[in-house]
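This report concerns only the one structure given below.
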Number of protein chains: 2
Amino acid sequence: MTNIEYLTSYVNHFVETIKQAGVQDIVMCPGSRSTPLAYAFAKSEGFQFYRQIDERSAGYFALGIAKAKKNPVVLLCTSGTAAANFFPAIVEAYYARVPLLVITADRPHELREVGAPQAIDQLHLYGKHVKWSVDFPLPEQNEESLAFVERHIQRAVSTSRVFPMGPVHINVPFREPLLLDMEQTTSNVNMQVSEIGKLVPSEEFLEWYRDILQNEERGLFIVGDSLQTTDGFWEFAKLVRWPVLVDPLSNLRASIPAECMDLCIDQYDAILKNDAFKKVAVPNVVVRFGAQPVSKPLMLFLKSCKPSVFIAVDESPIFRDSLHIATHHVQVEAGSLWIKTLEKASSKYADSWSQANEIATNHVNSYIQNETDEGALAGMLFETLQDNSYLFASSSMPIRDLDTFFNKTTKDIQLYANRGTNGIDGVVSTAIGAQAALNRPGYLLIGDLAFLHDLNGLIVTRFHRTDMTIIVMNNDGGGIFSYLPQSTETNYFEHLFGTPTGLEFSHIAAMYNAQYSAVHSKEDFKAVLTGEKLKDIRIIEVFTNRQVNTETHRKLWDEISKELDSVWKVQL
Amino acid sequence: MTNIEYLTSYVNHFVETIKQAGVQDIVMCPGSRSTPLAYAFAKSEGFQFYRQIDERSAGYFALGIAKAKKNPVVLLCTSGTAAANFFPAIVEAYYARVPLLVITADRPHELREVGAPQAIDQLHLYGKHVKWSVDFPLPEQNEESLAFVERHIQRAVSTSRVFPMGPVHINVPFREPLLLDMEQTTSNVNMQVSEIGKLVPSEEFLEWYRDILQNEERGLFIVGDSLQTTDGFWEFAKLVRWPVLVDPLSNLRASIPAECMDLCIDQYDAILKNDAFKKVAVPNVVVRFGAQPVSKPLMLFLKSCKPSVFIAVDESPIFRDSLHIATHHVQVEAGSLWIKTLEKASSKYADSWSQANEIATNHVNSYIQNETDEGALAGMLFETLQDNSYLFASSSMPIRDLDTFFNKTTKDIQLYANRGTNGIDGVVSTAIGAQAALNRPGYLLIGDLAFLHDLNGLIVTRFHRTDMTIIVMNNDGGGIFSYLPQSTETNYFEHLFGTPTGLEFSHIAAMYNAQYSAVHSKEDFKAVLTGEKLKDIRIIEVFTNRQVNTETHRKLWDEISKELDSVWKVQL
């Protein structure tokens, strides 16, 4: 075999094993050292193949696909700082538990650490922020190599896929020449992963747990962000009849069976700002599935009442409990706890939650009707979302507006955000990646700083079609900082945190040939939202005011609290 | 002392120690957790204080300042992926040996790895790509803390500054509240670094080395990129009278004393493509200062002739020698080898180099006069650069055009590029950072992909004045890939490597209120280059053709080779 033939069989086998392992999507960044893998992926049929020039955006784009598909996505780049640019998305994937197969091409050993161009130390490049990292051998003729490649790729894909899912890193050195024999066929893959077990609880535990569900009246479910399935959850909740506090990212605020609508509590952020209601709402037992919710009032409430039983269902030994209130960590897959062998009636406790939730919902709805600030506009956006659409919310204010103003619905609307590390980076890319995977009309709600941070997320739209409406809430700077205590240092605040750039995005729309609308009023916004889609990308820039937002949000919370007082302060 | 008073004294002391250690520049990214340090830096007088919203660009901006000033620059951000975004610039700083003081704010220990927002594992976050990494204690009342802060900051600054210079990382956790007493004064810093020694050679070595310089006729100096001073080099070279092959990034192609112009060989890239000349040019001894040069023909030449003595002068034990031809690694500061105690006459060997260099220079000059491709345009740009200006060249084609078309000059023109890892990322930011530090008119020569990659580098211009002319060679895609062997796979090539985006940058100019010119001809380019500067940033977009560039460059090299043949092929 010539060297070229051997290199070809090595990369063909590499790519074929990835395909056999069930990976469907490849995100590639152009570069020289990764040429053999790029060619092998490109000529292999059956992959969705995406390109992005900016590796940072590419990382987040792959993350978006993987999030939506709940399946590992290949992220491929050349050697050098290209690989370092993946780091932010890898960190997010690690904490958000999203499966990525990061493949970095590398220089051969003799060109490492000797001042050769584009050669950096890529071994364990991502430190503790990948589940596994492995350095592959050079494609030299060795009968063990193909079997090694097969086994290690299967391991890598399984590792990324097993709960808690996450990124893995494969470093692959290549020596020049980087040419392939493009006609050569692929050999068979001999080894496969036949079965991956599920994390299920013991019978003893289930018995104890069933007892609690059956007998406890003052119980709450909390459901946060997770890539695990939610199939079967509502059937289960309907039997237990505990109030269910659903974070928008649980994807349980939409597609709710009509008969479960009353159990779904989506206004906990508002109603848990009221002291009187908090007193009647204290639970004895809480079972939390998925990540901790976004809502700060909910966190403060849980921390202050410290339920005597707080079960954190978390598939990882490094379970999430920043409040330090979990009394039981149950390390199983959430669905294994959605048992169907009990039946209960509703309770006064559950009714209180429903009643408070309805009070808040009415206020929120009239706020959406009557106000004109960012929150009301976001609420209007959520109301206009159609069945079978999806919305991505940026970190910072949009995710909070989603929490407050996205009302539970029977419509099928998927909701996403990057909450592994809550960064405002990579948001455009993740949203477009999720759109590509879901193949349904996409909406992105984002602030001006986050949009600016990942403008390069739009580059993929030059190579791949999308169907995306981007709503940029332009309040010219860092809106969320206005809510922080340090905002009182007015001498320095605007300079250090507000960071108004004065930039407007009509130019970006023109550059990317996107449909653009500048919106200065609520009426305009409504008209634009329901107007015709003339292009694949639509950018709606909504000009708002940071100061007004802070004030009107506070007014809404006060009004809800006042009505809750009128019900529960009297009763106490 | 209250907690606020103590936190204030902690960060004041932190900042004062940094100032005492001689750091002058602070690059800050807005965020919440880093508030105490941001306020302390902002209110401390005597720093140059810069802001950037995109942390990746901020990293490269700080790198640019540090490169130009040869002094550590503080790079400050909040916790989470903000810190991960610094990674590419840190990797570049590590390999380019540029001093950075990276300060990441962190959550306190009880919020790490428990699912708290914006909390990632920041300990040793940058792995092996920093010279030192340290986790600071929480600012809790402890009499040891201020002394610890003082000593560890002094260490960090010294570590970044001692050769080989490079980045260091300080991780600083803060617990809420993050408020300071803004009136509180700063305490005295008690400890300082009084002296940092120089790496100098022994007398025995110097004797051996002086002998070689004195007696060897066929000797060459090669001078590459370095942050070490070049003061005194030409005085030394004038005495030895060996040809000096100067990489443009050595900053020895400009400000050359008139009497040394003949020693300066700047056309080695062209003349070492000729076999006949290569035979007469074989050296017995090579002494290389700084990094390996950009030129591939030079590398191939050195590799093929393997000089019997090749002295790599490199201040690091991890010395740069990707060709594996160094016979002596001399681990000292370059200037300590520029001895002044010898005197020689010129030699036939040196004259051959001068003669060949002149032949190439004539061809290059007439090429610049007569051709219209990217190279000729770049050459014209270099000719128009004024005394006291500086130029930053992107990786990929611009650095190669700089190597070929930047003629040695007595004018004072500084030249920079990011060659630690040769990335095309962060180029705009590094260029603007260097401009801020040098405070002289700046020029950036960059391709369309590199410009697109770091468009966010322009954000700093919203907060800080600059004087920068950006020349974007827009050939719509990855020009350099056309030179690679793998470009022959035409079925896949354009799709995978060309990546034409079809984007034009007039929109970006409008967004950033920059002066914009679209250039389609050489005449236009000349007119624009010499035209009036109406705004702080000028973007000149030059539309060129990838295919033509490849062909005309090859023609130039062939013509030079032909004339060299006519001189030396005959002699052989």
Checklist entry - In segment A:361-391, what residues are over 16 Å from A:Thr552 (Cβ atoms) and of a type outside the set (Asp, Glu)? => result A:Thr361, A:Asn362, A:Leu381, A:Phe382, A:Thr384, A:Leu385, A:Gln386, A:Asn388, A:Ser389, A:Tyr390, A:Leu391
Checklist entry - Among B:Ile446, B:Ile459, which is the only one that is surrounded by 24 or more Cβ atoms within 10 Å (Cβ to Cβ) and more than 25 Å from B:Ala291 (Cα to Cα)? => result B:Ile459
Checklist entry - Only one residue in A:Tyr39, A:Tyr6 is part of a helix (DSSP H, G or I) and surrounded by fewer than 24 Cβ atoms within 10 Å (Cβ to Cβ), so which one is that? => result A:Tyr6
Item to check | Looking only at segment A:449-459, and only at residues there that are assigned to a helix (DSSP H, G or I) and at the interface with another protein chain (Cβ under 10 Å from one of its Cβ atoms), the one that is nearest to B:Asn85 (Cα to Cα) | outcome: A:His453
Item to check | Of all residues making up segment B:298-332, the number that are more than 13 Å from chain A (Cβ to nearest Cβ), surrounded by fewer than 18 Cβ atoms within 10 Å (Cβ to Cβ) and of a type outside the set (A, V, I, L, M) | outcome: 7
Item to check | Candidate set: segment A:174-209, residues that are in contact (Cβ under 8 Å) with a residue 40 or more places away in the chain and either under 18 Å from A:Glu343 (Cβ atoms) or among the small types (Gly, Ala, Ser) (or both); chosen: the one farthest from the other protein chains (Cβ to nearest Cβ) | outcome: A:Leu206
Next on the checklist: Taking the conditions exactly as written (hydrophobic (A, V, I, L, M, F, W, C) and part of a strand (DSSP E or B)), does B:Ile53 satisfy them or not?
Outcome noted: no
Checklist outcome for this item: (1) more than 13 Å from every other protein chain (Cβ to nearest Cβ); (2) out of contact with any strand residue (DSSP E or B) (no Cβ under 9 Å at 6 or more places or on another chain); (3) surrounded by fewer than 24 Cβ atoms within 10 Å (Cβ to Cβ) all hold for A:Gln48 apart from (2)
Checklist entry - Does B:Asp54 satisfy the criteria of being touching a His at 6+ places or on another chain (Cβ under 9 Å) and either open to solvent by less than 10 Å² (accessible area, probe 1.4 Å) or polar (S, T, N, Q) (or both)? => result yes
Next on the checklist: Return the residues of segment A:304-353 that are under 17 Å from B:Ala116 (Cα atoms) and part of a strand (DSSP E or B); say none if nothing qualifies.
Outcome noted: A:Ala312, A:Val313, A:His329
Next on the checklist: Just checking, does segment B:555-562 include any residue being at pLDDT below 90 and within 30 Å of A:Ala510 (Cβ to Cβ)?
Outcome noted: no
Checklist entry - Name the residues in segment B:200-224 that are of a type in the set (D, E, K, R) and touching a strand residue (DSSP E or B) at 6+ places or on another chain (Cβ under 9 Å), would you? => result B:Glu216, B:Arg218
Checklist entry - Could you say whether any residue in segment A:138-155 is farther than 30 Å from B:Arg419 by Cα, open to solvent by 40 Å² or more (accessible area, probe 1.4 Å) and under 22 Å from the mean Cα position of the chain (by Cα)? => result no
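Could you look through segment A:1-43, keep only residues that are of a type in the set (Gly, Ala, Ser) and farther than 27 Å from A:Asp54 by Cα, and pick out the one that is nearest to the other protein chains (Cβ to nearest Cβ)?
A:Ser9
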Checklist outcome for this item: Here the residues within segment B:105-117 that are more than 16 Å from B:Tyr10 (Cβ to Cβ) and not basic (Lys, Arg) are B:His109, B:Glu110, B:Leu111, B:Glu113, B:Val114, B:Gly115, B:Ala116, B:Pro117
Next on the checklist: Given the options A:Trp242, A:Trp234, name the one that is more than 16 Å from A:Gly335 (Cβ to Cβ), among the aromatic types (Phe, Trp, Tyr) and more than 14 Å from chain B (Cβ to nearest Cβ).
Outcome noted: A:Trp242
Checklist entry - Quick check: is even one residue across segment B:210-224 without any contact (Cβ under 8 Å) to a residue 12 or more places away in the chain, on the phi < 0 side of the Ramachandran plot and either hydroxyl-bearing (Ser, Thr, Tyr) or out of contact with any helix residue (DSSP H, G or I) (no Cβ under 8 Å at 6 or more places or on another chain) (or both)? => result yes
Next on the checklist: For segment A:537-555, which positions are closer than 15 Å to A:Tyr367 by Cα and open to solvent by 30 Å² or more (accessible area, probe 1.4 Å)?
Outcome noted: A:Val548, A:Glu551, A:Arg554, A:Lys555
Next on the checklist: Take the conditions farther than 27 Å from A:Arg107 by Cα and among the polar types (S, T, N, Q) and apply them to A:Asn188. Does it pass?
Outcome noted: yes
Next on the checklist: Here's a check for you: in segment B:13-34, which residue that is open to solvent by 10 Å² or more (accessible area, probe 1.4 Å) and assigned to a helix (DSSP H, G or I) is nearest to B:Phe136 (Cα to Cα)?
Outcome noted: B:Glu16
Checklist entry - Just a yes or no: is a residue in segment A:355-365 part of a helix (DSSP H, G or I), of a type in the set (Val, Ile, Thr) and within 26 Å of A:Glu541 (Cβ to Cβ)? => result yes
Checklist entry - For B:Tyr60, are the conditions met, namely being assigned by TED's automatic domain parsing to the domain that holds B:Pro167, touching a Pro at 6+ places or on another chain (Cβ under 8 Å) and crowded, with 24+ Cβ neighbours inside 10 Å? => result yes
Checklist entry - Just to be sure, is A:Asp558 open to solvent by 20 Å² or more (accessible area, probe 1.4 Å), in a helix (DSSP H, G or I), more than 24 Å from A:Leu452 (Cβ to Cβ) and of a type in the set (Asp, Glu)? => result yes
Item to check | B:Glu489, sole failed condition from (1) out of contact with any Asp or Glu (no Cβ under 8 Å at 6 or more places or on another chain); (2) modelled with pLDDT of 70 or more | outcome: (2)
Checklist entry - Can you name every residue in segment B:109-130 that is open to solvent by less than 20 Å² (accessible area, probe 1.4 Å) and modelled with pLDDT under 95? => result B:Ala116, B:Ala119, B:Ile120
Next on the checklist: I'd like the full set of residues that are open to solvent by 30 Å² or more (accessible area, probe 1.4 Å) and over 25 Å from A:Asp225 (Cβ atoms), limited to segment A:333-365.
Outcome noted: A:Thr341, A:Glu343, A:Lys344, A:Ala345, A:Ser346, A:Lys348, A:Asp351, A:Gln355, A:Glu358, A:Asn362, A:His363, A:Asn365
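Could you check segment A:411-430 and list, in sequence order, the residues that are assigned to a loop (DSSP other than H, G, I, E, B), small (Gly, Ala, Ser) and closer than 16 Å to A:Tyr390 by Cβ?
From segment A:411-430, those assigned to a loop (DSSP other than H, G, I, E, B) are A:411-412, A:417-426; that's our starting set.
Checking which are small (Gly, Ala, Ser) leaves us with A:417, A:420, A:423, A:426.
Correct list: A:Ala417 only.
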Checklist entry - Which condition breaks for A:Leu534 when tested against (1) closer than 30 Å to A:Thr466 by Cα; (2) of a type outside the set (Val, Ile, Thr); (3) surrounded by 12 or more Cβ atoms within 10 Å (Cβ to Cβ)? => result (3)
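The values are calculated or read from the model by the stated rules, or taken from the named source; none is laboratory data. Worth saying up front: this structure is predicted, and the values here are computed from it rather than measured. Ideal geometry is used to build each Cβ from the backbone, glycine not excepted, and the neighbour counts take in all protein chains shown. Keep in mind that these areas ignore ligands, DNA and RNA; they rest on the heavy atoms of the full protein, side chains included. Shrake-Rupley method; radii C 1.70, N 1.55, O 1.52, S 1.80 Å.
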